[in-house]
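Student: One structure coming up, written as C-alpha coordinates, with questions to follow.
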Amino acid sequence: MMNRFWLTIPFLMILVLGACIEDFEFEGISVREGVVVEGYITNQSYNDLLALSVPTRYFTLKLSNVGDLENVRNRPVLGAKIELHQDDGVVYDYAEMGDGEYGLFYEDFKADIGRGYHLEITLPDGKKVISEIETLEKEMEMGAFSLVEGTKLNYENIRGEVSIVEQEGIDFYVTTLDNELTEPVYYKWDMVITWVYNAALAEDNNPLKYCWASSRYFFKEYQLLEDRDGGIAKELFFLETQGSRFNHGYSVLIRQTVMNSGYYTFWKEVEKQLNQSELFATPPYNIESNLSSDEIDVFGFFGVVNEEFGRWYFDEKEISNYGGWVNDERCAFGPPYPPWCFDCTTLAYEDSPVSSTMPDWWDPIYFRKNP
(Lines give C-alpha, C1' and ligand atoms only; values in the text may rest on other atoms or scores of the structure.)
Protein backbone atom coordinates (compact mmCIF):
# COMPACT_ATOMS: atom_id res chain seq x y z
CA MET A 1 0.00 0.00 0.00
CA MET A 2 2.91 2.29 0.58
CA ASN A 3 4.56 3.69 -2.53
CA ARG A 4 6.31 6.82 -1.28
CA PHE A 5 9.64 5.60 0.09
CA TRP A 6 11.86 8.63 -0.62
CA LEU A 7 15.05 6.63 -0.94
CA THR A 8 16.75 9.47 -2.77
CA ILE A 9 19.92 9.39 -0.70
CA PRO A 10 22.43 6.90 -2.07
CA PHE A 11 25.22 6.80 0.52
CA LEU A 12 25.41 8.00 4.07
CA MET A 13 26.21 8.97 7.64
CA ILE A 14 25.67 7.92 11.23
CA LEU A 15 23.12 9.24 13.56
CA VAL A 16 21.90 12.64 13.11
CA LEU A 17 21.12 16.16 13.94
CA GLY A 18 24.28 18.07 14.62
CA ALA A 19 26.08 15.74 16.99
CA CYS A 20 28.41 13.12 15.64
CA ILE A 21 28.87 11.13 18.81
CA GLU A 22 27.62 7.57 19.13
CA ASP A 23 24.33 7.29 20.96
CA PHE A 24 25.75 5.34 23.89
CA GLU A 25 26.94 6.43 27.32
CA PHE A 26 28.51 4.14 29.91
CA GLU A 27 26.26 5.62 32.61
CA GLY A 28 24.11 2.87 34.06
CA ILE A 29 26.61 0.13 33.19
CA SER A 30 29.14 -0.89 35.81
CA VAL A 31 32.74 -0.51 34.68
CA ARG A 32 36.16 -0.39 36.30
CA GLU A 33 38.03 2.86 36.61
CA GLY A 34 39.37 3.88 33.24
CA VAL A 35 38.78 5.97 30.14
CA VAL A 36 35.88 5.68 27.71
CA VAL A 37 36.43 6.38 24.00
CA GLU A 38 33.39 6.92 21.74
CA GLY A 39 33.90 7.72 18.09
CA TYR A 40 33.68 6.57 14.50
CA ILE A 41 34.30 7.63 10.92
CA THR A 42 32.24 6.82 7.84
CA ASN A 43 32.38 6.89 4.06
CA GLN A 44 30.60 10.26 4.01
CA SER A 45 32.48 13.54 4.44
CA TYR A 46 31.01 16.83 5.59
CA ASN A 47 30.85 18.00 1.96
CA ASP A 48 29.22 14.74 0.87
CA LEU A 49 26.43 15.29 3.34
CA LEU A 50 26.14 18.92 2.33
CA ALA A 51 25.05 17.73 -1.11
CA LEU A 52 22.43 15.38 0.36
CA SER A 53 19.16 16.01 2.14
CA VAL A 54 20.50 15.13 5.58
CA PRO A 55 21.98 17.18 8.42
CA THR A 56 25.69 17.84 8.04
CA ARG A 57 28.31 17.00 10.65
CA TYR A 58 32.01 16.62 11.26
CA PHE A 59 33.40 13.41 12.75
CA THR A 60 33.86 13.72 16.47
CA LEU A 61 35.24 11.65 19.30
CA LYS A 62 34.33 11.79 22.98
CA LEU A 63 36.66 11.02 25.89
CA SER A 64 35.50 10.54 29.46
CA ASN A 65 36.71 9.01 32.70
CA VAL A 66 34.72 6.47 34.67
CA GLY A 67 35.41 5.31 38.19
CA ASP A 68 34.89 2.08 40.19
CA LEU A 69 31.61 0.17 40.15
CA GLU A 70 29.36 3.04 41.16
CA ASN A 71 26.99 4.58 38.65
CA VAL A 72 28.79 7.92 38.61
CA ARG A 73 28.37 10.27 35.71
CA ASN A 74 31.24 10.12 33.24
CA ARG A 75 33.76 12.92 33.67
CA PRO A 76 35.01 14.55 30.45
CA VAL A 77 38.70 14.28 29.60
CA LEU A 78 40.15 17.67 28.72
CA GLY A 79 43.48 18.47 27.10
CA ALA A 80 44.10 15.17 25.29
CA LYS A 81 45.97 14.88 21.99
CA ILE A 82 44.20 12.69 19.45
CA GLU A 83 45.49 11.60 16.04
CA LEU A 84 43.80 9.56 13.32
CA HIS A 85 46.34 7.59 11.29
CA GLN A 86 45.76 6.26 7.76
CA ASP A 87 47.71 3.25 6.52
CA ASP A 88 49.42 5.44 3.91
CA GLY A 89 51.08 7.53 6.62
CA VAL A 90 48.67 10.51 6.52
CA VAL A 91 47.74 11.78 9.99
CA TYR A 92 44.68 13.88 10.90
CA ASP A 93 44.55 15.84 14.16
CA TYR A 94 41.42 16.17 16.29
CA ALA A 95 40.71 19.66 17.66
CA GLU A 96 39.39 20.03 21.20
CA MET A 97 35.81 21.31 21.33
CA GLY A 98 35.20 21.30 25.09
CA ASP A 99 33.36 18.99 27.48
CA GLY A 100 35.45 16.01 26.40
CA GLU A 101 34.59 16.29 22.70
CA TYR A 102 37.16 16.45 19.91
CA GLY A 103 36.47 17.06 16.21
CA LEU A 104 38.00 16.29 12.81
CA PHE A 105 37.35 19.58 11.05
CA TYR A 106 38.26 18.45 7.53
CA GLU A 107 35.38 19.02 5.15
CA ASP A 108 36.50 16.47 2.56
CA PHE A 109 37.75 13.73 4.89
CA LYS A 110 35.99 10.37 4.82
CA ALA A 111 36.85 6.69 5.13
CA ASP A 112 37.79 4.91 1.91
CA ILE A 113 37.04 1.29 1.07
CA GLY A 114 39.98 -0.97 1.89
CA ARG A 115 42.05 1.62 3.73
CA GLY A 116 43.11 1.06 7.31
CA TYR A 117 42.65 3.60 10.15
CA HIS A 118 43.64 3.69 13.79
CA LEU A 119 43.59 6.18 16.68
CA GLU A 120 46.52 7.28 18.82
CA ILE A 121 45.42 9.13 21.95
CA THR A 122 47.70 10.82 24.47
CA LEU A 123 45.85 11.60 27.70
CA PRO A 124 46.67 14.74 29.73
CA ASP A 125 48.81 12.69 32.15
CA GLY A 126 50.83 11.24 29.25
CA LYS A 127 49.19 7.82 29.18
CA LYS A 128 48.70 6.35 25.72
CA VAL A 129 45.64 4.69 24.16
CA ILE A 130 45.78 3.03 20.73
CA SER A 131 43.04 1.44 18.67
CA GLU A 132 43.35 -1.56 16.42
CA ILE A 133 43.51 -0.91 12.69
CA GLU A 134 39.97 -0.76 11.33
CA THR A 135 39.00 -0.98 7.67
CA LEU A 136 35.86 0.00 5.77
CA GLU A 137 35.13 -3.42 4.36
CA LYS A 138 31.99 -3.13 2.30
CA GLU A 139 29.21 -0.89 1.00
CA MET A 140 25.55 -1.81 1.22
CA GLU A 141 22.66 0.33 0.02
CA MET A 142 19.45 0.61 1.98
CA GLY A 143 16.55 -1.58 0.97
CA ALA A 144 12.90 -0.67 0.51
CA PHE A 145 10.59 0.53 3.27
CA SER A 146 7.18 -1.00 3.92
CA LEU A 147 4.27 -0.60 6.33
CA VAL A 148 1.91 -3.05 7.99
CA GLU A 149 -1.09 -1.66 9.83
CA GLY A 150 -2.06 -3.21 13.12
CA THR A 151 -2.46 -2.72 16.85
CA LYS A 152 -0.19 -2.86 19.86
CA LEU A 153 -0.98 -3.24 23.56
CA ASN A 154 0.45 -0.56 25.79
CA TYR A 155 0.20 0.63 29.38
CA GLU A 156 -1.54 3.93 30.06
CA ASN A 157 -1.45 5.82 33.35
CA ILE A 158 -4.29 8.30 33.86
CA ARG A 159 -4.39 10.00 37.27
CA GLY A 160 -2.63 7.07 38.86
CA GLU A 161 -4.89 4.45 37.29
CA VAL A 162 -2.90 2.05 35.10
CA SER A 163 -4.71 0.22 32.32
CA ILE A 164 -3.83 -1.73 29.19
CA VAL A 165 -4.96 -0.05 25.99
CA GLU A 166 -4.90 -1.15 22.37
CA GLN A 167 -3.20 1.36 20.10
CA GLU A 168 -3.82 1.62 16.36
CA GLY A 169 -0.67 2.09 14.35
CA ILE A 170 1.81 0.85 11.77
CA ASP A 171 4.82 -1.43 11.93
CA PHE A 172 7.62 0.06 9.85
CA TYR A 173 10.05 -2.29 8.06
CA VAL A 174 13.16 -2.12 5.93
CA THR A 175 13.95 -5.11 3.72
CA THR A 176 17.65 -5.86 3.35
CA LEU A 177 19.19 -6.36 -0.07
CA ASP A 178 20.44 -9.74 -1.25
CA ASN A 179 23.74 -10.68 0.35
CA GLU A 180 26.06 -12.03 -2.31
CA LEU A 181 29.03 -12.10 0.03
CA THR A 182 30.43 -15.18 1.74
CA GLU A 183 30.20 -13.49 5.16
CA PRO A 184 27.24 -11.99 7.03
CA VAL A 185 26.37 -8.31 6.70
CA TYR A 186 26.14 -6.55 10.08
CA TYR A 187 23.51 -3.80 10.21
CA LYS A 188 22.59 -1.11 12.69
CA TRP A 189 19.68 1.31 12.21
CA ASP A 190 18.64 4.32 14.23
CA MET A 191 15.91 6.87 13.69
CA VAL A 192 15.24 10.58 14.18
CA ILE A 193 11.75 12.01 13.92
CA THR A 194 10.89 15.55 12.84
CA TRP A 195 7.40 16.99 13.12
CA VAL A 196 5.70 20.33 12.60
CA TYR A 197 4.34 21.92 15.76
CA ASN A 198 1.57 24.51 15.67
CA ALA A 199 1.40 27.23 18.34
CA ALA A 200 -2.38 27.01 18.31
CA LEU A 201 -3.12 30.44 19.82
CA ALA A 202 -0.68 32.39 17.65
CA GLU A 203 -2.04 34.45 14.76
CA ASP A 204 -1.84 32.82 11.33
CA ASN A 205 0.71 35.39 10.12
CA ASN A 206 2.91 35.03 13.20
CA PRO A 207 6.38 33.75 12.18
CA LEU A 208 6.50 31.78 15.45
CA LYS A 209 3.30 29.84 14.76
CA TYR A 210 4.91 26.77 13.13
CA CYS A 211 8.13 25.06 14.15
CA TRP A 212 10.04 21.96 13.07
CA ALA A 213 11.10 19.91 16.09
CA SER A 214 13.31 16.80 16.07
CA SER A 215 14.09 14.00 18.49
CA ARG A 216 15.81 10.62 18.47
CA TYR A 217 14.21 9.35 21.69
CA PHE A 218 10.72 8.36 20.54
CA PHE A 219 11.77 4.90 19.35
CA LYS A 220 14.20 2.30 20.60
CA GLU A 221 17.70 3.77 20.32
CA TYR A 222 18.78 1.36 17.60
CA GLN A 223 18.04 -1.94 15.86
CA LEU A 224 20.63 -4.57 14.97
CA LEU A 225 20.68 -7.41 12.45
CA GLU A 226 23.18 -10.07 11.39
CA ASP A 227 22.10 -10.94 7.84
CA ARG A 228 23.58 -13.93 6.01
CA ASP A 229 21.35 -14.15 2.94
CA GLY A 230 19.51 -10.85 2.51
CA GLY A 231 15.85 -10.25 1.85
CA ILE A 232 14.97 -9.91 5.54
CA ALA A 233 12.13 -7.58 6.50
CA LYS A 234 13.46 -5.98 9.69
CA GLU A 235 10.97 -4.12 11.87
CA LEU A 236 12.43 -0.77 12.89
CA PHE A 237 9.59 0.74 14.92
CA PHE A 238 5.88 0.79 15.71
CA LEU A 239 4.20 4.15 15.19
CA GLU A 240 0.88 4.95 16.82
CA THR A 241 -1.22 6.75 14.21
CA GLN A 242 -3.32 8.90 16.52
CA GLY A 243 -2.08 12.18 17.94
CA SER A 244 -1.57 15.87 17.25
CA ARG A 245 2.01 15.32 16.12
CA PHE A 246 0.72 14.21 12.70
CA ASN A 247 -1.47 17.26 12.08
CA HIS A 248 0.95 19.43 10.12
CA GLY A 249 3.75 17.11 9.02
CA TYR A 250 5.79 14.19 10.33
CA SER A 251 8.95 12.56 9.01
CA VAL A 252 11.40 9.85 10.09
CA LEU A 253 15.05 9.86 9.06
CA ILE A 254 16.45 6.33 9.06
CA ARG A 255 20.21 5.91 9.26
CA GLN A 256 21.68 2.55 8.28
CA THR A 257 25.24 1.61 9.15
CA VAL A 258 27.08 -1.49 7.96
CA MET A 259 30.00 -2.49 10.17
CA ASN A 260 32.44 -5.29 10.87
CA SER A 261 31.77 -8.15 13.27
CA GLY A 262 33.76 -6.56 16.11
CA TYR A 263 31.75 -3.33 16.14
CA TYR A 264 28.52 -5.30 15.79
CA THR A 265 29.47 -7.42 18.82
CA PHE A 266 30.15 -4.24 20.76
CA TRP A 267 26.64 -2.94 20.08
CA LYS A 268 25.05 -6.32 20.85
CA GLU A 269 26.81 -6.37 24.22
CA VAL A 270 25.76 -2.79 24.93
CA GLU A 271 22.16 -3.72 24.12
CA LYS A 272 22.32 -6.81 26.31
CA GLN A 273 23.78 -4.99 29.29
CA LEU A 274 21.34 -2.11 29.05
CA ASN A 275 18.51 -4.63 29.06
CA GLN A 276 20.05 -6.31 32.09
CA SER A 277 20.24 -2.96 33.84
CA GLU A 278 16.53 -2.45 33.21
CA LEU A 279 15.97 -5.78 34.99
CA PHE A 280 18.04 -4.60 37.97
CA ALA A 281 20.85 -7.04 37.23
CA THR A 282 24.46 -6.04 37.76
CA PRO A 283 25.99 -6.30 34.29
CA PRO A 284 29.63 -7.19 33.71
CA TYR A 285 32.05 -4.70 32.22
CA ASN A 286 33.78 -6.86 29.61
CA ILE A 287 32.19 -5.12 26.62
CA GLU A 288 34.02 -5.72 23.33
CA SER A 289 36.61 -3.03 22.58
CA ASN A 290 39.27 -2.42 19.92
CA LEU A 291 41.16 0.05 22.13
CA SER A 292 44.01 -0.75 24.48
CA SER A 293 46.59 0.79 26.78
CA ASP A 294 49.47 -0.54 28.85
CA GLU A 295 48.71 2.03 31.55
CA ILE A 296 44.93 2.33 31.99
CA ASP A 297 41.75 0.36 31.36
CA VAL A 298 39.99 1.46 28.16
CA PHE A 299 36.33 1.02 27.21
CA GLY A 300 34.39 1.86 24.08
CA PHE A 301 35.05 1.31 20.41
CA PHE A 302 36.43 3.20 17.42
CA GLY A 303 34.25 2.33 14.43
CA VAL A 304 34.80 2.60 10.68
CA VAL A 305 31.45 2.10 8.96
CA ASN A 306 29.48 2.49 5.76
CA GLU A 307 26.24 4.41 6.18
CA GLU A 308 23.19 5.41 4.26
CA PHE A 309 20.08 7.45 4.99
CA GLY A 310 16.49 7.11 3.88
CA ARG A 311 13.66 9.48 4.74
CA TRP A 312 10.00 8.60 5.13
CA TYR A 313 7.10 11.06 5.38
CA PHE A 314 3.85 10.28 7.14
CA ASP A 315 1.09 10.52 4.51
CA GLU A 316 -2.40 10.25 5.99
CA LYS A 317 -3.80 9.29 2.56
CA GLU A 318 -1.74 6.07 2.58
CA ILE A 319 -2.71 4.95 6.09
CA SER A 320 -6.26 3.69 6.62
CA ASN A 321 -6.06 3.66 10.44
CA TYR A 322 -4.90 7.27 10.71
CA GLY A 323 -6.71 8.78 13.69
CA GLY A 324 -7.38 12.15 12.08
CA TRP A 325 -6.82 15.72 13.19
CA VAL A 326 -6.26 16.01 16.98
CA ASN A 327 -6.25 19.32 18.84
CA ASP A 328 -3.42 20.08 21.22
CA GLU A 329 -5.24 19.78 24.55
CA ARG A 330 -2.72 21.97 26.38
CA CYS A 331 -3.92 24.97 24.35
CA ALA A 332 -7.65 24.16 24.30
CA PHE A 333 -9.02 24.40 27.82
CA GLY A 334 -8.47 27.98 28.92
CA PRO A 335 -5.82 29.93 30.79
CA PRO A 336 -3.22 29.78 32.09
CA TYR A 337 -1.75 28.68 28.75
CA PRO A 338 1.79 27.32 28.37
CA PRO A 339 4.11 29.58 26.33
CA TRP A 340 4.25 27.19 23.36
CA CYS A 341 0.59 27.96 22.63
CA PHE A 342 1.79 31.39 21.42
CA ASP A 343 5.45 30.80 20.46
CA CYS A 344 6.41 27.47 18.90
CA THR A 345 10.12 27.99 19.64
CA THR A 346 9.41 27.51 23.36
CA LEU A 347 8.49 23.87 22.70
CA ALA A 348 11.87 22.43 23.62
CA TYR A 349 12.91 18.97 24.69
CA GLU A 350 16.38 18.36 26.04
CA ASP A 351 17.53 16.65 22.86
CA SER A 352 15.23 18.42 20.40
CA PRO A 353 16.31 21.33 18.25
CA VAL A 354 13.33 23.54 17.37
CA SER A 355 13.29 25.96 14.45
CA SER A 356 10.58 28.20 13.01
CA THR A 357 12.26 27.90 9.59
CA MET A 358 11.34 24.98 7.35
CA PRO A 359 14.46 22.80 6.86
CA ASP A 360 15.94 22.77 3.37
CA TRP A 361 15.34 19.04 3.12
CA TRP A 362 11.65 19.16 4.11
CA ASP A 363 9.32 18.46 1.19
CA PRO A 364 6.70 21.27 1.26
CA ILE A 365 3.92 18.92 0.12
CA TYR A 366 4.13 17.39 3.61
CA PHE A 367 3.41 20.65 5.41
CA ARG A 368 -0.28 21.40 5.87
CA LYS A 369 -1.92 24.17 7.88
CA ASN A 370 -5.48 22.91 7.90
CA PRO A 371 -7.24 19.52 8.17
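Student: Hey, what did region 55-189 get for relative contact order, percent, Cα under 8 Å, at least 6 apart?
Tutor: Relative contact order of region 55-189: 17 percent.
Student: Mind checking the full-extension length gain between A144 and I113? Use 0.36 nm per residue of separation minus the Cα-Cα distance, one decimal, nm.
Tutor: Full extension from A144 to I113 adds 8.7 nm.
Student: Ranked highest first by average number of other Cβ atoms within 10 Å, how do 160-167, 223-230, 253-260 line up?
Tutor: Output ranking for 160-167, 223-230, 253-260: 253-260, 223-230, 160-167.
Student: Evaluate the distance, in nm, between pseudo-label points positioned 7 Å from the Cα of E316 and of K268 along their respective Cα→Cβ axes.
Tutor: With each label point 7 Å from Cα toward Cβ, the separation is 4.4 nm.
Student: Order 132-143, 38-49 from most to least packed using the mean count of other Cβ atoms within 10 Å.
Tutor: 38-49, 132-143
Student: Something else about it: Cα-Cα over 30 Å: which of K110/K268; K81/K272; K188/K209; K209/K234; K110/K317?
Tutor: Beyond 30 Å: K81/K272; K188/K209; K209/K234; K110/K317.
Student: OK, next. At 0.36 nm per residue, and after removing the present C-alpha to C-alpha distance, how many nm does the segment from Y217 to N327 gain when stretched out fully?
Tutor: Stretched fully, the Y217-N327 segment lengthens by 37.3 nm.
Student: Given the options N370, P353, N306, identify the residue whose Cα lies farthest towards the positive end of the charge dipole of region 296-371 (+1 on Cβ of Lys, Arg; -1 on Cβ of Asp, Glu).
Tutor: N370
Student: Once you put a point 7 Å from the Cα of V354 and another 7 Å from the Cα of N154, both along the Cβ direction, what distance in nm separates them?
Tutor: 2.1
Student: Using a 1.4 Å probe and ignoring any ligands, DNA or RNA, find the accessible area of V148 and quote it in Å² to the nearest 10.
Tutor: It works out to around 70 Å².
The values are calculated or read from the model by the stated rules, or taken from the named source; none is laboratory data. This structure is a prediction, so every number in the text was calculated from the model and none was measured. Here the Cβ is made from the backbone with ideal geometry for all residues, glycine too, and neighbour counts use every protein chain on show. Ligands, DNA and RNA are stripped out before the accessible areas are found, and what is left, the full protein with its side chains, is counted by its heavy atoms. Shrake-Rupley method; radii C 1.70, N 1.55, O 1.52, S 1.80 Å.
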